[in-house]
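Data block below; observations after.
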Amino acid sequence: MRIAFERLRVDVPGHRALDDVDGVVESGSVTAVIGPSGAGKSSLLNVIAGLVRPDAGRVRFDGDDVTASPPERRRLGVVFQDLRLFDFLSGRDNVAFAPRVAGLSADEQRRRVDDALALVRADAFAARPARVLSGGERQRIALARAIAMAPRALLLDEPFAALDAELRRRLRDELRALIRTLGATALLVTHDRDDAFALASRFIVLRDGRVEQAGDAATLYGTPASAFVATLLGEATLLPIEERRDGKARVRGEWIEATGNGARVLLRPEALALADAGSDGGWPATIVDARFAGGSWRVVARLADATELVVHALHMPSDASVIVRPPARAHSVD
Amino acid sequence: MLAAFVWPLARLAVSAFLPPRDATGDDARAGIVRLFADSYDRRALAHSVALSLAVALASVAICLPAAIALARGRFAGRAILRGVFALPLSLSGVVVGFLAVAMLGNAGALPSLLHLPSLAGSAYGLGGLAVAYLYFEIPRATLTMETALAAVDDGLLEAARTLGASPWQVARWVFWPLCAPAMRAAFAVTFAASLGSFGVALIVAARFPILPVELYRAFTGTLDDSLAAAMALVIAVVAALVLALGRRSGR
Amino acid sequence: MARRRRPLIIAGGISALVLALVLLLPLALVVAAAFAPSESLGISSEQWIAGAGAGRAFRYVLQTYGTHLITSAQVALAAGAIALLLGAPAGTALAMAERRRGARALETLLTLPLGVPGIAAAIALLSAFPGRGGALGLLVVGHVLYTLPYATRTVGETARASRLGPLLDAARTLGAGRVQRVRFVLWPALRRALGSAALVALAVSWGEFNVTFLLATPSRGTFPTALYLSYTTNSFPVAAAATTIMLAGLVPLVLLALALGHRPEQGA
């Protein structure tokens with residue numbers, strides 16, 4: 001199912017949570033809404049789920065205007081950030097909730113529940129009361145509950161917020177596989193860029209209630225529209241452009257082919273390289289910090305004017321004095 | 001609710017400051033003035049406040065160890081003990097007064113059981129009131145403190161130990177400050193409860209100057225609505241003040 | 001990891017036990033006095049009815065104060081029902097609307113009677129609404145003024161603690177309509193609190209004295225007023241019997257309410 005929202009506006013006492021927000025989630029794909037706290041992500045999710053009525057704008061499912069439709073009828077599987085499991089029910093009964101209220105036969109209910117539990121691998125503990133389950137188990141039950149509905153699309157709000165790093169990674173991979181198996185359309189709300197990269201193909205970047213940029217992941221990473229998007233999606237160093245000529249920009253004496261019209265070039269750690277001091281070209285620098293990140297080194301190099309760059313290097317240089325080589329081409333932002 | 005409750009309260013406040021109807025001469029001053037002018041009424045007020053204060057303090061002190069044990073101990077039968085404490089809380093004042101008389105009245109049980117005949121008859125008047133107040137203050141103080149103390153985070157105490165504090169220091173510098181709000185709240189609640197207790201006073205102190213009874217007399221006996229209003233107002237205001245103070249430090 | 005049993009806790013536990021016994025002793029004595037000749041308990045009564053046995057005392061109480069019992073039952077049921085029917089929805093609604101301005105204020109307003117000492121409230125009410133003495137309706141209103149706040153608070157606190165609002169939202173996204181939400185989410189979440197609130201309301205009404213006493217007439221009153229009469233006019237065994245009846249009604253209500261999760265710190 002294709003989800004589209006246009007010109008959404010939501011006002012809460014004190015400020016505007018969403019301001020003229022547009023976006024699309026294509027059928028069968030996963031879009032991540034990413035942004036810092038307070039950017040309006042949860043408001044957007046609530047509007048699409050039907051829990052909040054927008055003050056302006058529309059929501060469309062496959063072209064049909066559902067803005068006035070109540071949540072009960074939207075058939076979206078929502079996994080809330082605080083999970084909202086019914087603690088007075090067992091895990092199983094939680095999962096059976098939607099099939100049950102839909103009036104399905106007992107057999108059909110059981111089938112849906114069993115399938116959903118199997119998909120999230122929660123069969124082992126589903127019979128226990130929801131309130132005694134661990135964080136990871138509760139997360140799985142919450143997911144199964146949404147799936148058992150056979151929803152038209154999934155809405156996931158910070159799905160792994162309360163979990164530790166290891167569990168987070170594991171569940172993330174499982175969720176990715178699950179979504180692919182189901183061929184589901186999904187909207188993921190998160191502030192964690194690793195979650196977004198792992199699960200989504202398209203991004204919508206929200207800032208202070210507005211869409212800063214939207215597009216596929218690689219585009220936003222490589223050619224962000226602003227410094228905000230650039231730093232949101234990954235580590236970056238921004239250096240001012242001194243002069244432009246013929247599509248090239250001079251940065252600290254080095255000429256780089258620069259796309260975009262910004263005043264600063266965007267230098268990603270993996271695009272920079274280290275060379276021994278004395279090699280020609282590049283910027284002289286001193287290494288001030290280096291740590292091994294399991295596969296490459298994360299090196300912080302300080303230039304002559306105290307600006308610091310982050311570089312991902314495959315080998316740790318032997319000397320503290322190095323040359324940092326910029327890439328041949330880089331994007332520019334303001 | 002507004003009509004049924006706030007309005008009468010407001011009206012009460014106003015009438016305390018107005019002279020009573022159909023009154024002449026000396027009696028025509030506002031109730032609140034006469035409350036403080038008349039020596040008997042003043043004594044009643046003083047007795048009420050002083051006694052409530054004293055017993056509230058005593059009950060908080062007496063009940064603190066028990067409250068601590070209930071909140072933090074792990075022994076079987078805690079629920080039963082709590083139930084036993086909950087029971088007197090739901091008894092109305094008259095019953096508590098009766099219990100006091102049964103134990104310490106002219107023909108009460110305690111003097112004979114304990115072979116202390118001098119205790120007989122002590123129920124009526126100050127002693128009996130104090131005992132009766134204690135009877136329903138003990139559960140109230142214990143349970144109020146227990147709730148507040150149960151919220152004390154064990155982790156804080158452990159942290160203090162890791163920082164090098166001895167058990168005594170932990171008790172004094174960490175646990176005690178955490179107890180204090182609980183104690184203040186318990187004091188406020190028990191004080192307010194005994195200040196306004198009517199049924200007890202009726203049974204035990206019918207001939208002893210104590211405010212609730214005087215209030216009843218003013219209202220039904222002499223039909224002095226202004227004086228009655230004044231007394232009721234004083235009770236309500238003092239109780240509300242103390243409760244508000246207790247709650248602010250108790251949160 | 002075993003925690004060292006601090007001596008304070010042991011001392012506290014013992015004192016708790018002692019206090020509990022102190023609290024129970026008079027009750028036990030009085031109940032015993034209702035059944036046994038009180039001389040054996042060391043109590044002598046000036047108005048001793050010669051040869052009175054337990055049966056006679058109870059029968060006397062029922063004869064003399066039977067109407068009071070009935071009135072108490074009527075008022076309690078009415079006040080309890082009203083408290084529940086009005087208080088439960090109010091408490092729930094207030095708990096869920098927590099973020100809206102005025103919800104907190106309204107809640108404070110609804111639970112105001114709990115903060116005012118009974119006698120002051122009674123006087124205020126009766127000055128403002130001079131009662132047709134003993135009218136049943138007026139008694140019920142007086143009781144409701146105390147049962148309603150308890151019900152509102154009990155149910156409201158449970159609704160808040162179980163985060164009913166977000167849960168209902170989740171149920172909506174899962175397709176549940178209004179009736180289904182009540183049946184499958186609201187009711188299971190609030191069941192115990194409703195039961196506890198009902199029991200507490202009944203217990204409060206059963207024991208209410210302040211307002212009732214000022215409203216009652218010699219012919220029409222509730223059982224607590226009967227108790228007062230008994231204490232001031234009857235012999236000790238009769239008074240003891242009446243008290244026992246009072247306890248027989250109160251104790252089960254309180255114990256059941258506790259079992260359902262009621263927390264008694266604020267009285268009743």
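The values are calculated or read from the model by the stated rules, or taken from the named source; none is laboratory data. Please read these numbers as outputs of a predicted model, since none were measured by experiment. Because the Cβ atoms are built from the backbone with ideal geometry, glycine has one as well, and the counts that use them run over all protein chains shown. In case anyone asks, the SASA skips ligands and DNA or RNA and just uses the protein heavy atoms, side chains included. Shrake-Rupley method; radii C 1.70, N 1.55, O 1.52, S 1.80 Å.
For region A:56-94, a residue qualifies if it is among the hydrophobic types (A, V, I, L, M, F, W, C), facing chain C (nearest Cβ under 10 Å) and either surrounded by fewer than 17 Cβ atoms within 10 Å (Cβ to Cβ) or not in a loop (DSSP other than H, G, I, E, B) (or both), and the qualifying residues are A:Leu76, A:Val78, A:Val79.
Only a single item in (1) open to solvent by less than 20 Å² (accessible area, probe 1.4 Å); (2) touching a strand residue (DSSP E or B) at 6+ places or on another chain (Cβ under 6 Å) is not met by A:Val113, and it is number (2). On the stretch given as region A:171-207, residues that are within 24 Å of A:Ala118 (Cβ to Cβ) and aliphatic (A, V, I, L, M) total 11. Can you say whether A:Ala39 is within 23 Å of A:Ile3 (Cβ to Cβ) and either open to solvent by less than 50 Å² (accessible area, probe 1.4 Å) or over 22 Å from the mean Cα position of the chain (by Cα) (or both), as far as the supplied structure shows? For A:Ala39, the condition - within 23 Å of A:Ile3 (Cβ to Cβ) and either open to solvent by less than 50 Å² (accessible area, probe 1.4 Å) or over 22 Å from the mean Cα position of the chain (by Cα) (or both) - is met.
Of the residues examined, C:Gly118 is one that is within 23 Å of the chain's Cα centre (by Cα), of a type in the set (Gly, Ala, Ser) and crowded, with 23+ Cβ neighbours inside 10 Å. Residues that are open to solvent by less than 10 Å² (accessible area, probe 1.4 Å) and over 15 Å from A:Val101 (Cβ atoms) were ranked within region A:147-159; the one that is modelled with the lowest pLDDT is A:Pro159. Considering every residue within region C:222-229, establish whether at least one is within 11 Å of chain B (Cβ to nearest Cβ), within 19 Å of B:Tyr216 (Cα to Cα) and open to solvent by 30 Å² or more (accessible area, probe 1.4 Å). Yes, the conditions are met somewhere in region C:222-229. In region B:165-181, the count of residues that are touching a residue at least 40 places away in the same chain (Cβ under 8 Å) and touching a Leu at 6+ places or on another chain (Cβ under 8 Å) is one or more.
Identify all residues within region A:95-120 that are within 14 Å of chain C (Cβ to nearest Cβ) and more than 27 Å from the chain's Cα centre (by Cα); write none if there are none. Quick ask: steps written out before the conclusion?
Restricting attention to region A:95-120, the residues satisfying the condition of being within 14 Å of chain C (Cβ to nearest Cβ) are A:95-104, A:109, A:112-113, A:116.
Scanning region A:95-120 gives A:Ala96, A:Phe97, A:Ala98, A:Pro99, A:Arg100, A:Val101, A:Ala102, A:Gly103, A:Leu104, A:Gln109, A:Arg112, A:Val113.
Among the residues of region B:74-101, those identified as more than 18 Å from the chain's Cα centre (by Cα) and either more than 7 Å from chain C (Cβ to nearest Cβ) or open to solvent by less than 30 Å² (accessible area, probe 1.4 Å) (or both) are B:Arg74, B:Ala76, B:Gly77, B:Arg78, B:Ala79, B:Ile80, B:Leu81, B:Arg82, B:Gly83, B:Val84, B:Val101.
Restricting attention to region C:177-185, does a residue exist that is on the phi < 0 side of the Ramachandran plot, open to solvent by less than 10 Å² (accessible area, probe 1.4 Å) and assigned to a helix (DSSP H, G or I)? Yes, region C:177-185 has at least one match. Being open to solvent by 40 Å² or more (accessible area, probe 1.4 Å), more than 26 Å from B:Val14 (Cβ to Cβ) and either without any contact (Cβ under 8 Å) to a residue 40 or more places away in the chain or out of contact with any Cys (no Cβ under 6 Å at 6 or more places or on another chain) (or both), is that true of even one residue in region C:129-139? Yes.
Applying a threshold of 6 Å to beta carbon distances and a minimum spacing of six or more residues, or different chains, the list of pairs starting in region A:26-43 at a residue that is on the phi > 0 side of the Ramachandran plot and ending at one that is open to solvent by less than 10 Å² (accessible area, probe 1.4 Å) and of a type outside the set (A, V, I, L, M, F, W, C) reads A:Gly28/A:Thr185; A:Gly40/A:Gly209.
When every residue of region C:143-151 is checked against the conditions, none turns out to be crowded, with 24+ Cβ neighbours inside 10 Å, in contact (Cβ under 8 Å) with a residue 12 or more places away in the chain, away from chain B (no Cβ under 14 Å) and not in a loop (DSSP other than H, G, I, E, B).
So that you can scan it fast, the table gives a plain yes or no per residue for (1) in contact (Cβ under 8 Å) with a residue 60 or more places away in the chain; (2) touching an Asp or Glu at 6+ places or on another chain (Cβ under 9 Å):
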position: A:Pro99; (1), (2): no, yes
position: A:Gln109; (1), (2): no, no
position: A:Ala122; (1), (2): no, yes
position: A:Glu158; (1), (2): yes, yes
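Taking helices (runs of 4 or more DSSP H) as the structural unit, those lying wholly within region B:160-251 and holding at least 3 residues that are surrounded by fewer than 24 Cβ atoms within 10 Å (Cβ to Cβ) correspond to B:167-170, B:176-195, B:225-250.
I need the full set of residues from region C:230-267 which are among the hydrophobic types (A, V, I, L, M, F, W, C) and open to solvent by less than 20 Å² (accessible area, probe 1.4 Å), in order please. Give the derivation first.
We begin by selecting, within region C:230-267, every residue among the hydrophobic types (A, V, I, L, M, F, W, C); these are C:236, C:238-242, C:245-248, C:250-251, C:253-260.
Across region C:230-267, the qualifying residues are C:Val238, C:Ala239, C:Ala240, C:Ala241, C:Ala242, C:Met246, C:Leu247, C:Leu250, C:Val254, C:Ala257.
With respect to being at pLDDT 75 or above and open to solvent by less than 20 Å² (accessible area, probe 1.4 Å), B:Ala61 falls outside the description. Number of residues in region A:250-299 that are assigned to a strand (DSSP E or B), more than 26 Å from the chain's Cα centre (by Cα) and in contact (Cβ under 8 Å) with a residue 12 or more places away in the chain: the value is 16.
Say we look at region B:27-47 and pick out the residues that are acidic (Asp, Glu) and more than 22 Å from the chain's Cα centre (by Cα); which of these is modelled with the lowest pLDDT? Can you show your working first?
Within region B:27-47, the first condition is being acidic (Asp, Glu), and the residues that meet it are B:27, B:38, B:41.
Subsequent filtering for residues that are more than 22 Å from the chain's Cα centre (by Cα) retains B:27, B:38.
Details: B:Asp27: 52, B:Asp38: 72.
The qualifying residue modelled with the lowest pLDDT is B:Asp27.
The residue that is farthest from B:Thr190 (Cα to Cα), counting only those in region B:59-73 that are at the interface with chain C (Cβ under 8 Å from one of its Cβ atoms) and free of Cβ contacts under 8 Å to residues at least 40 places away in the same chain, is B:Gly73.
Among strands (runs of 3 or more DSSP E) entirely within region A:161-230, having at least 1 residues that are open to solvent by less than 60 Å² (accessible area, probe 1.4 Å), modelled with pLDDT of 90 or more and among the aromatic types (Phe, Trp, Tyr) singles out A:202-207.
Those residues that are closer than 23 Å to B:Ala100 by Cα and at the interface with chain B (Cβ under 9 Å from one of its Cβ atoms), I need them from region C:243-268; list them, please. Scanning region C:243-268 gives C:Thr243, C:Met246, C:Leu247, C:Leu250, C:Val251, C:Val254, C:Pro264, C:Glu265, C:Gln266, C:Gly267, C:Ala268.
If you go through region A:101-108 one residue at a time, do you hit one that is polar (S, T, N, Q) and modelled with pLDDT under 90? No, region A:101-108 contains no residue that is polar (S, T, N, Q) and modelled with pLDDT under 90.
For first residues located in region C:54-75 and in a helix (DSSP H, G or I), partners that are open to solvent by 90 Å² or more (accessible area, probe 1.4 Å) and lie 6+ apart or on another chain with Cβ distances below 6 Å form the pairs C:Ala54/C:Phe35. Scoring B:Arg217 on the criteria (1) in contact with a helix residue (DSSP H, G or I) (Cβ under 6 Å, 6 or more places away or on another chain); (2) free of Cβ contacts under 8 Å to residues at least 40 places away in the same chain leaves a single failure, condition (1).
Filter region C:152-176 down to the residues that are polar (S, T, N, Q) and crowded, with 21+ Cβ neighbours inside 10 Å, then identify the one that is farthest from the other protein chains (Cβ to nearest Cβ).
Let us first name the residues in region C:152-176 that are polar (S, T, N, Q), namely C:152, C:154, C:158, C:162, C:173.
Among the residues that remain, those that are also crowded, with 21+ Cβ neighbours inside 10 Å are: C:152, C:154, C:158, C:173.
Working: C:Thr152: 10, C:Thr154: 14, C:Thr158: 11, C:Thr173: 4 Å.
Out of the qualifying residues, it is C:Thr154.
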